1. Mind listing the long-range amide H neighbours of Leu497? Cut-off is under 5 Å, sequence gap 5 or more, other chains count too, H placed in the peptide plane at 1.01 Å from N.
2. Report the extension gain between Leu354 and Tyr702 in nm, rounded to one decimal, defined as 0.36 nm multiplied by the number of residues separating them, less their alpha carbon distance.
3. Please compute the length gained on full extension between Glu570 and Leu344, using 0.36 nm multiplied by the number of residues separating them and subtracting their Cα-Cα distance.
4. Taking R0 as 30 Å, what's the FRET efficiency between Glu719 and Tyr75 from their Cβ-Cβ distance, rounded to 0.05?
5. For segment 472-536, what is the accessible area per residue in Å², given a 1.4 Å probe and the full set of protein chains?
6. Per residue, how much accessible surface does segment 167-215 expose to a 1.4 Å probe? Answer in Å², no decimals.
7. Considering only protein heavy atoms, with the full assembly of protein chains and a 1.4 angstrom probe, order Cys83, Cys387 by accessible area, largest first.
8. Expressed as a whole number of Å, what is the distance separating the alpha-carbon centroids of segment 38-62 and segment 718-741?
Amino acid sequence: MSVNGNSNAWLNAEDPESITAPLISGQRSTPNSTSQVALVGANVCPIESLDYEILENEFFKQDWRSRGKMQVFQYIFMKWFICFLIGLIVGLIGFCNNLAVENIAGIKFVITSNMMLKSRFLLAFIVFFFSNLALTLFASMITSFVAPVAAGSGIPEVKAYLNGVDAPGIFSIRTLFVKIVGSVSAVSSSLLIGKAGPMVHTGACVASLLGQGGSKKYGLTWKWLRYFKNDRDRRDLVTCGSAAGIAASFRSPVGGVLFAFEEMASWWRSALLWRAFFTTAVIAIVLRALIDVCLSGKCGLFGTGGLIMFDVYSASVSYHIVDVPPVLLLGFVGGILGSLYNSLLTKVLRIYNLINERGVIYKILIACTISMFTSCLLFGLPWLASCRPCPADAAEACPTIGRSGNFKKFQCPPGHYNDLASLIFNTNDDAIRNLFSKNTDSEFHFSSIIIFFVTCFFLSIFSYGVVAPAGLFVPVIVTGASYGRFVGMLVGSHSNLNHGLYAVLGAASLLGGTMRMTVSLCVIILELTNNLLLLPLIMVVLLVSKTTADAFNGNIYDLIMKAKGLPYLEAHAEPYMRQLTVADVVTGPLQLFYGIEKVGNIVHVLRTTGHNGFPVIDEPPLSESPVLFGIVLRAHLIELLKKKAFVSTPVPTSTDSFKRFSSEDFAKRGSGNGDKIEDIKLTEEEMEMFIDLHPFTNASPYTVVETMSLAKALILFREVGLRHLLVIPKISTRSPVVGILTRHDFMPEHILSLNPMLVKSRWKRLRFRLAPPSKLF
């Protein structure tokens, strides 16, 4: 925004449609709204920025000074108590999710297997086909009609939220319900998707709902919760919730904390680390207690095993220096496969988005089509594999009669098993256990592993885009594990490592190549396999695969965020930002108010703009010259209009303001819709009255000089977590403020559209950097 020559610039009308204008704009005079449009889940909706800055107005200072030791104790106690509740609830949800999936999918496989034992293959296929279709149809329908924002993994949306991007409904009760029920249904339908991503979103939903300070709609307004009605505290709780989601998915408490730190959070501090660790520790205890119940056989088809726990390497692992070259090669190829996976997935998602734009029916049709295709592949491909005789020294019953095991009978005669069916005609978790298992080097045929790898690689890409809660962690793990097994077979007797260990390293390499995390993935895999001796090899594989993949494209969640249009601010500034100043990117017109403003002017500006922050200036006689007093928020202005805090004459009324309001009146609203300017009804007489904005204006906003480089402004904006950054003139002029920088002003599309000359030089650098993958793909 920039000031024009007219002193009444704040009265200029703005096109209301600019609220949903695209990010790229070709005109410099286009008003810059803080609200944009993005694809959230499967729903296109307007998004807004969050404000993590403390608004230090007089009202806030008065409220803060009134707090005693008891209020401080309540605030600290509630922080820890809510973290305890997050861990308890998310742990219960994670356990129930796994219990439901294992039993629903288990009943399906048991019924199908029993039919195949009686050689009723066609009927078995019909049951398998239509049960998968019904589960997928149910998941896609409740997602499409109840909460479209629940589609996908939810990790890109939560990551964007922690970066300061908010969207309506991403943490609502409806979203939480669909995320849980839809994920159970979709995963049980044998789609090649995971439940770890939806669990991260589920944990974030639980944390956000607990931290909303209660709900007036449902009569839940516990007084102690009022302290969390702000973006800063909710951000910390959502961070703990995202850590809880991973901890509950993989029973990996330390890995969950590191995942939130490395991948999700844009702001981190030691106090938050402590609370996140406490949250995941609660989950570990809850899951351990619930698993003890299952050990007694009270969990149905869930069995007596662990919860997503692949405890396959309790024995010591021996490896030597000669084993390092194959491991390095495995990591290098895994990085290339990971970058290819990311590239193909983003292209498929774009195609799905084009189809989804045609309506809900097309979204459901895509999901049903993928389900039918998946059922045909899972049931049909094992017929291509030849039956193998059961090994004489098998550690378990062969062939396996029932739901899980390394030796699926499928269509084979007695005493034989189908190795491909043991992998593909199974749940994802059981397939991973079979691939990770030790002392099984001769149980899987070379061709079966190749077929399984190719099927998982492409099927997981096409399955992720369906309109249902779907994660990427487990599909990437099972695909990477099959790739690792394949490498282990190629190396053969030239390595001291068995094929199960190569499967673990293959999963690590593909995870590193797609998600580009290192420390958190390393710890998650160690906690999954329950063996610290794997640490050196996993570290090497992750480092090599991530370094290789970074040469081609970004991590999968960043690519999805960009495709969705979520304005994520990176931690580093682009080189071309050093060539620009903040004055080069601010656009206008600027909307501002006087310290004592006419009610009619405020109403007009709020009704004709979508801005959420307005500079407040003082002019004589309130000051010797025009001076910037601070910034006032849209929500606060609407509250002032709603309570009709008017005076008949333009005089300061600071002392009377505190009697009309409480701190809760200006607290951040929950997931429900806040008050709108259209709901405010005022008479003609009231429109001619005045409001003293001084007590409610943030008198110490962050400001930068117009000559500051855009790169430095970006670092300040991101690190502090701002929504508005005021630009002031270097030399005193008639106007005390040049404009306001918002998140949109730092987006590359906006910057390059205002400065076309930078496009050519930036494209040269990108073309040079992206030359290898363009040749590869």
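1. Close amide H contacts, sequence-distant or interchain: none at all.
2. On the way: separation 348, 0.36 × 348 = 125.28 nm, distance 4.11 nm.
Between Leu354 and Tyr702, full extension yields an extra 121.2 nm.
3. Details: separation 226, 0.36 × 226 = 81.36 nm, distance 2.33 nm.
Additional length available on full extension: 79.0 nm.
4. Working: r = 24 Å, r/R0 = 0.81.
For Glu719 and Tyr75, the calculated efficiency is 0.80.
5. Details: 1470 Å² over 65 residues.
For segment 472-536, the solvent-accessible area averages 23 Å² per residue.
6. Working: 950 Å² over 49 residues.
Accessible area per residue, segment 167-215: 19 Å².
7. Numbers: Cys83 0, Cys387 45 Å².
Output order, biggest surface exposure first: Cys387, Cys83.
8. If you average the Cα positions of each part, the centres end up 19 Å apart.
The values are calculated or read from the model by the stated rules, or taken from the named source; none is laboratory data. The model shown is predicted, which means the values in this text are computed figures rather than measured ones. Cβ atoms come from the backbone with ideal geometry, glycine included; neighbour counts cover every protein chain shown. Side chains included, ligands, DNA and RNA excluded: accessible areas come from the protein's heavy atoms. Shrake-Rupley method; radii C 1.70, N 1.55, O 1.52, S 1.80 Å.
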